[in-house]
1. For segment 116-127, in order, what is each residue's ³J(HN,Hα) by Karplus, 6.51 cos²θ - 1.76 cosθ + 1.60 with θ = phi - 60°, in whole Hz (x at glycine and Pro)?
2. Can you tell me how much longer the chain between Val26 and Arg116 gets when fully stretched, taken as 0.36 nm per residue apart minus their C-alpha distance, in nm with one decimal?
3. Assuming 0.36 nm per residue, please report the length gained on full extension of the stretch Phe68 to Val40 beyond their Cα-Cα distance.
Amino acid sequence: MQQQYSFYPQVVKPVLEYVGVGRRFVAYIIDGIILTGFQVLLFRGMSIMGWHSSGNITTTEGDAAHMFAYWLMHLNTYTVLQIGVNTIIPFLYFIIAEAVQGATIGKMVLGIRVVRLDGLPISWGQSITRNLLRIIDHIPYGIPYLLGAILIWTSSVKQRLGDRIAQTVVVRRRSLRL
């Protein structure tokens, strides 16, 4: 017996609504507030436990190399923890959140996420790449994120440098169109 009806599945293509500087900036501010709150609580807890800086480790004597050498010689555990918390934890936050969920808490609040150019979830490698290149997007450091903003404004799919190299985009939501 032959079938009377044949079913040909239609290809479903994602419709991506690219996100510009404004919404991304607000998400970044929300993430910054969350990270700052975490850091304050962590340092407050360390201080309560007696892990705090034991003194002033700065000098104004000599040139920059001398001051840097003085600073390195006077590092203590608390200072090393501060450096780690203030630099490594934010990178890990962005990398892990985007690799696992496709979005940080700030992005989730605003209904945006990071996806590959074809609309599929990003990989760990793409998350690491786009977030490590965030350092370059902050150039010039006097006006943070200016280079990133310029690159987003000049891209047809609103990509900053990290997105261009990782082949990712930030989108409002993923809706399907037949």
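A short reminder: the numbers here are calculations on the coordinates, not readings from a lab. Keep in mind that what you see is a predicted model, and the values were worked out from it rather than measured.
1. Taking θ as phi minus 60°, the curve returns 5, 4, 8, x, 7, x, 7, 8, 4, x, 5, 5 Hz for segment 116-127.
2. Fully extending the segment from Val26 to Arg116 adds 30.2 nm.
3. Extra length available between Phe68 and Val40 comes to 7.5 nm.
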